[in-house]
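Presented below is the structure to which this report refers.
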Amino acid sequence: MNEKTAKLITMLQLQTEMNGWVHEDWANKGFEWYRAIWIEASEMLEHYGWKWWKHQQPDLAQVKLEVIDIVHFMLSQELTDGRPHADIAHEIAVALETPRATDDLKNTIELLALETLQNKCAPFDIIAGLMQQLDMEFDELYERYVGKNVLNIFRQDNGYKTGEYIKQWNGREDNEYLEDILAELNVNSGSYREDVYASLASRYSGV
């Protein structure tokens, strides 16, 4: 098993755990993952900018965050049929090696939305195309995915669903602290996930 497939298995495990927070029987609830994907694609287009009647500067950091959010839903869709994580990871790894894109990022975003709507699928080859156009390597995808997933779980562990969680820490959002943490940690460490969680907990303890 290569490193990319191993990391994809970790992502699938994290996604399974996160979905369990939403509903214990999430895989059988018929959630419309495809709908979440194309809605997030439209938000990505907003962050990139498409309005010809006003000046817009692409917010590439937010565009990348939308890629991460979309991957959460795409992984969820792939997980619903109960296949082994290793099999799903292998298929995704193959798709990521064959990027598909148009000659313009805006059109690639629309291609993602179109195919998701038409086929109710998770086109990882188009995600690979977007990553290529954004100069986003797989390790960056993995780093940001694990970080956001761990943050989501951390929020749940600290009362997000009941309204007890504090999102602003000393004048900064938890997402901003997460960016600091990701810059400090080694994405290739075997304890990366645990290190992210521990760093969040350390910072949150003083709130």
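The values are calculated or read from the model by the stated rules, or taken from the named source; none is laboratory data. Just so it is clear, the structure is predicted and the values come from calculations on it, not from any experiment. Positions of Cβ are generated from backbone atoms using ideal geometry, with glycine treated the same way; all protein chains shown enter the neighbour counts. When the accessible area is computed, the model is the full protein with side chains, heavy atoms only, and any ligands, DNA or RNA have been set aside. Shrake-Rupley method; radii C 1.70, N 1.55, O 1.52, S 1.80 Å.
Every test in (1) at negative phi; (2) open to solvent by 60 Å² or more (accessible area, probe 1.4 Å); (3) acidic (Asp, Glu) is passed by Glu140 save one, and that test is (2). Can you name the residue in the stretch 155-168 that is under 27 Å from Asp139 (Cβ atoms) and either open to solvent by less than 70 Å² (accessible area, probe 1.4 Å) or part of a loop (DSSP other than H, G, I, E, B) (or both) and, of all such residues, is modelled with the highest pLDDT? The residue in question is Arg155. Inspection of the stretch 186-197 identifies at least one residue that is under 15 Å from the mean Cα position of the chain (by Cα) and of a type in the set (Lys, Arg).
Among the residues making up the stretch 82-100, none is surrounded by 20 or more Cβ atoms within 10 Å (Cβ to Cβ) and either under 24 Å from Gln57 (Cβ atoms) or among the acidic types (Asp, Glu) (or both). Looking at Leu60, is it of a type outside the set (Gly, Ala, Ser) and surrounded by 18 or more Cβ atoms within 10 Å (Cβ to Cβ)? No; evaluated as a whole, the condition is false for this residue. Scanning the stretch 163-187 for residues that are under 18 Å from Tyr197 (Cβ atoms) and polar (S, T, N, Q) yields Asn175, Asn186. Screening Ala183, Ala201 for residues that are without any contact (Cβ under 8 Å) to a residue 12 or more places away in the chain and either surrounded by fewer than 16 Cβ atoms within 10 Å (Cβ to Cβ) or part of a helix (DSSP H, G or I) (or both) leaves exactly one candidate, Ala183. Quick one: is Thr5 open to solvent by less than 70 Å² (accessible area, probe 1.4 Å) and either β-branched (Val, Ile, Thr) or closer than 18 Å to Ile153 by Cβ (or both)? Spelling it out, Thr5 is indeed open to solvent by less than 70 Å² (accessible area, probe 1.4 Å) and either β-branched (Val, Ile, Thr) or closer than 18 Å to Ile153 by Cβ (or both). Residues in the stretch 4-38 that are modelled with pLDDT of 90 or more and aromatic (Phe, Trp, Tyr): Trp26, Phe31, Trp33, Tyr34, Trp38. Here Gly147, Gly171, Gly129 are screened, and the one residue that is more than 16 Å from Met11 (Cα to Cα) and surrounded by 18 or more Cβ atoms within 10 Å (Cβ to Cβ) is Gly129.
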